[in-house]
Structures are given as C-alpha cells and as structure tokens.
1. With only alpha-carbon atoms in the gyration tensor, what are the semi-axes of the equivalent ellipsoid for the stretch 94-163, in Å, largest first?
2. If you project the alpha carbons of the stretch 154-197 onto their three principal axes, what span does each projection cover, largest first, in Å?
3. Normalised by the number of residues in the stretch 121-205, what is the relative contact order in percent for Cα pairs under 8 Å and 6+ residues apart?
4. Take the stretch 19-125, compute every pairwise Cα distance, and split them into 5 Å bins from 0; I just need the percent in each bin.
5. Return the whole-Å distance between the Cα centroid of the stretch 135-156 and the Cα centroid of the stretch 71-106.
6. How do the peptides 103-116, 123-136 rank, highest first, by the average count of neighbouring beta carbon atoms within 10 Å per residue?
7. Using the number of other C-beta atoms within 10 angstrom as an exposure proxy, rank 15, 188 with the fewest first.
8. Take peptides 139-148, 31-40, 52-61 and line them up by average Cβ neighbours within 10 Å, highest first, as a rough protection proxy.
Ligand SMILES: [Zn+2]
C-alpha cells in the first residue's frame with residue numbers, strides 16, 4: 001500500500017486500541033493493558049528439525065487464541081472482516097520478524113493451505129501474515145512458491161510422531177528457491193508442518209530457513225535458552241546485533257487484506 005494512503009488512513013481512522021477502543025498513540029495497535037494480555041515468549045523452545053530458527057512472538061494463551069480465532073474465522077460477508085483481529089495478529093507476526101536472527105531473506109513464503117480449504121475459506125491467514133511481514137521488510141513474498149498437495153486431516157489431538165506422519169509428502173515446491181527464506185505461519189505447535197516444509201524448501205535450493213509465527217503453544221518451548229523466542233539451530237545465524245529490527249508493519253487496521261493470497 002502506498003505510504004500516502006497509509007497516512008491518509010491514519011488520519012481517517014480513529015487511533016484506538018483494537019482490543020478495548022481506548023485511545024492509543026498513533027500507529028499503536030493495542031493499549032498497554034490489552035497488549036499485556038498477550039504473553040510474549042521470554043524463553044525459547046526447540047527449533048523444529050530442518051529449520052535454522054523458529055521465532056514465535058506470543059504464547060498461545062487464551063487471549064492470543066481469541067485474537068487468532070477472530071482473525072482466521074471471520075464471520076461471512078464484508079461485515080465480517082475483523083480488522084482489529086487482523087491488526088493484532090499481523091502485529092505479532094511482525095514482532096516475530098523483528099526478532100528473526102540473521103539478515104532479512106530474499107523471499108517470504110506463507111505456509112500454504114490446500115486449494116480446497118483455500119476455496120472454502122476464501123483466504124489463507126498465513127498468506128496475509130506473510131504479506132504484512134514482506135511489506136514491512138520490503139522483500140518479495142510468493143504465495144504460490146509452495147503448494148499443499150494433500151489435504152491432510154487436522155493435526156489437533158495428534159502427538160508429535162503422528163503429526164510428522166500426517167504431513168509427510170503434503171507439500172511441494174513449485175519453483176527453485178533462493179538461499180535464505182522466511183516461512184510464515186499463524187500458530188505452531190510441534191513444528192512438524194514447518195519441518196516438512198523446510199525439507200521441501202531445502203530440496204528446492206533454500207539453505208537458511210527461518211520460521212516466523214504469530215504464536216506458538218508454550219508446551220514444547222520451555223527449554224532453557226538465551227534469546228527471547230529464538231532458538232539457535234545447528235548452524236546458528238548471526239543475531240540481529242542484540243537489538244530488534246526497527247521497522248513497523250505500517251499496516252495497522254488494514255481492511256484490504258481479504259482476498260486469497
Ligand atoms: Zn485496550
């Protein structure tokens with residue numbers, strides 16, 4: 001979106017908290033109390049196999065789950081577009097990107113939905129997040145680089161081994177990939193989906209693969225570590241100089257993000 005259009009939107013849209021409607025500083029999504037209800041990761045968890053790092057912004061707490069559900073399952077029709085939830089979840093994805101180790105990659109890829117699910121839902125939530133992240137760091141995003149070729153049953157309720165089996169062979173790379181990529185998803189649990197995609201991406205040429213998620217279930221992420229929300233991988237990427245990448249998503253309250261990605 002053009003910068004002038006963003007600025008115009010900031011003028012038109014009231015600067016209020018997406019959670020409670022209280023007035024907030026310009027370009028702020030949540031007021032401090034609403035923001036504090038989304039616990040951020042202080043301690044990293046294990047990096048799923050095949051990834052160089054996996055950064056999740058927030059714990060999948062009750063409050064986080066509520067925002068993500070609103071974002072992923074909007075009510076049908078134009079009136080159902082939940083711009084507040086979109087702003088919050090995009091903010092979390094961009095926070096994860098700001099903490100990603102290493103240099104920004106050459107390409108951002110969303111975790112794809114199976115075409116049947118994409119048609120049923122009308123949009124890929126991970127695609128919207130990937131687009132926000134890509135815009136924020138000004139690097140290309142390709143929603144068609146990966147395809148989900150098997151409509152795997154839901155992972156809910158499955159253990160780690162079953163999840164791995166469930167997604168094995170479910171993805172295909174549709175093009176050769178650059179050396180460094182970011183994979184974006186909304187929520188990760190065991191990371192089996194991300195691992196399987198990483199395997200496919202490596203076969204397509206990617207060598208540095210960092211996953212970014214708005215949220216992760218806290219269970220498997222409680223191993224002691226060093227950097228908030230970031231787990232070092234077998235081939236550690238350089239840290240972001242101890243300071244978070246300084247960019248803003250610039251996409252708060254973006255109502256234009258409904259179409260399929
Ligand atoms: Zn609030």
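1. Numbers: eigenvalues 124, 53, 23 Å².
Working through the eigenvalues yields semi-axes of 25, 16, 11 Å.
2. Extents along the principal axes, in whole Å: 34, 20, 14.
3. Details: 77 pairs, mean separation 29.1, N = 85.
Relative contact order comes out at 34 percent.
4. Pairs per bin, as whole percents: 2, 10, 17, 20, 19, 17, 10, 4, 0.
5. Centre-to-centre (Cα) distance: 14 Å.
6. Working: 103-116: 20.1, 123-136: 24.1.
By packing density, highest mean first, the sequence is 123-136, 103-116.
7. By the 10 Å Cβ count, ascending: 15, 188.
8. Ranking, from highest mean packing down: 52-61, 139-148, 31-40.
Any read-out appearing in this document is the output of simple, stated calculations on the displayed coordinates, not a laboratory observation. Small disclaimer: the values here were computed from a predicted structure and weren't measured. Heads up, the Cβs are rebuilt from the backbone with ideal geometry, glycines too, and the neighbour counts pull from every protein chain shown.
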